[in-house]
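> After the structure tokens below, expect a handful of questions from me.
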Amino acid sequence: MNLQSNDFELFGISMQFAQDRAQLDARWKELQREAHPDKFAAQGAAAQRVAMQWSVRINEAYQRLKDPLKRASYLCELHGAPINAENNTAMPSDFLMQQMEWREALEDAKSIDDLEKIALETNLSGRKQLLKIEQALDKNKNFPMAAQQVRSLMFIERFASEVDARIDQLGQ
């Protein structure tokens, strides 16, 4: 293992968006067993510290790889298309219109049913966005387009969290 390896190399998987979650989970457990500090107890404190560093590195990679949004962002960055969500807020006009409609619907929502309808719509939109990201990354290798799609998905997920918070608020 090499600390300089990217997450995909570290896990020995294809550098692509589409991943088998069960395979990823199994590989994470395997890597953790190999690098567990207790396994190096007989080799002294220095070996245990190195093993601890590996364990942390493996966990960080796993957190990025298992989450589709983080994995997509990471792939974009590896291919020179950083997300820069804080600085790059440009979105297509149809997406901006959708955002405005969702915001108005959220403001107008009076019941849990209203909110659940919005939640269902945003969930569906998020799944469609993931498919667009997969297409841009794995099929078209269009990393700047994928980065734009990732920024859109970030908004959708943030908005979905707001809807969930409102549902929780009304449910109390």
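> Could you check how many residues of the stretch 48-83 are in contact with an Asp or Glu (Cβ under 9 Å, 6 or more places away or on another chain), among the small types (Gly, Ala, Ser) and either surrounded by fewer than 15 Cβ atoms within 10 Å (Cβ to Cβ) or assigned by TED's automatic domain parsing to the domain that holds Asp25 (or both)?
Selection size over the stretch 48-83: 2.
> Ok, one more. So if I check each of Asp25, Asp7, which one is surrounded by 16 or more Cβ atoms within 10 Å (Cβ to Cβ) and at pLDDT 95 or above? Don't jump to the end; show me each part of the working.
Numbers: Asp25 fails: surrounded by 16 or more Cβ atoms within 10 Å (Cβ to Cβ).
So the residue among Asp25, Asp7 that is surrounded by 16 or more Cβ atoms within 10 Å (Cβ to Cβ) and at pLDDT 95 or above is Asp7.
> Sticking with this one: If you go through the stretch 44-99, how many residues are of a type in the set (Val, Ile, Thr), assigned to a helix (DSSP H, G or I) and within 22 Å of the chain's Cα centre (by Cα)?
Kept after step one, since they are of a type in the set (Val, Ile, Thr), are these residues of the stretch 44-99: 50, 56, 58, 83, 89.
Now restrict to residues that are assigned to a helix (DSSP H, G or I): 50, 56, 58.
Subsequent filtering for residues that are within 22 Å of the chain's Cα centre (by Cα) retains 56, 58.
Total meeting the criteria: 2.
Results for (1) closer than 30 Å to Gln172 by Cβ; (2) surrounded by fewer than 15 Cβ atoms within 10 Å (Cβ to Cβ); (3) touching a Ser or Thr at 6+ places or on another chain (Cβ under 7 Å), shown as yes or no for each residue.
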{"position": "Met100", "(1), (2), (3)": "yes, yes, no"}
{"position": "Asp113", "(1), (2), (3)": "yes, yes, no"}
{"position": "Ala119", "(1), (2), (3)": "yes, no, no"}
{"position": "Leu124", "(1), (2), (3)": "yes, yes, no"}
{"position": "Leu137", "(1), (2), (3)": "no, no, no"}
{"position": "Lys141", "(1), (2), (3)": "no, yes, no"}
{"position": "Met145", "(1), (2), (3)": "no, no, no"}
{"position": "Met154", "(1), (2), (3)": "yes, no, no"}
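> Can you run down the residue pairs with Cβ atoms below 6 Å, 6 or more apart or on separate chains, where the first is in the stretch 6-28 and more than 13 Å from Ile58 (Cβ to Cβ) and part of a loop (DSSP other than H, G, I, E, B) and the partner is acidic (Asp, Glu) and at pLDDT 95 or above?
Gln16/Asp138; Phe17/Glu134; Phe17/Asp138; Ala18/Glu134; Ala18/Asp138
> Here is a follow-up. With Glu134, Glu116 as the choices, which residue is among the acidic types (Asp, Glu), within 24 Å of the chain's Cα centre (by Cα) and within 27 Å of Leu78 (Cβ to Cβ)?
Checking each option against the conditions leaves just Glu134.
> Of the residues Ala165, Ala109, Ala119, Ala105, only one is hydrophobic (A, V, I, L, M, F, W, C), out of contact with any helix residue (DSSP H, G or I) (no Cβ under 7 Å at 6 or more places or on another chain) and more than 25 Å from Leu24 (Cβ to Cβ); which?
Only one candidate qualifies: Ala165.
> Pairs needed: first member in the stretch 111-138, touching a residue at least 24 places away in the same chain (Cβ under 8 Å); second member anywhere, among the hydroxyl-bearing types (Ser, Thr, Tyr) and buried (at least 16 other Cβ atoms within 10 Å of the Cβ); C-beta distance under 6 Å; at least 6 residues apart or different chains.
Hits for this filter: Gln129/Ser152.
> Has the stretch 84-98 got at least one residue that is among the aliphatic types (A, V, I, L, M) and buried (at least 16 other Cβ atoms within 10 Å of the Cβ)?
Quick first cut of the stretch 84-98, residues among the aliphatic types (A, V, I, L, M) only: 85, 90-91, 96-97.
Subsequent filtering for residues that are buried (at least 16 other Cβ atoms within 10 Å of the Cβ) retains none.
No, the stretch 84-98 contains no residue that is among the aliphatic types (A, V, I, L, M) and buried (at least 16 other Cβ atoms within 10 Å of the Cβ).
The values are calculated or read from the model by the stated rules, or taken from the named source; none is laboratory data. This is a predicted model, so every value here is computed, not measured. Quick reminder, even Gly has a Cβ in these numbers, built from the backbone with ideal geometry, and neighbours come from all protein chains shown.
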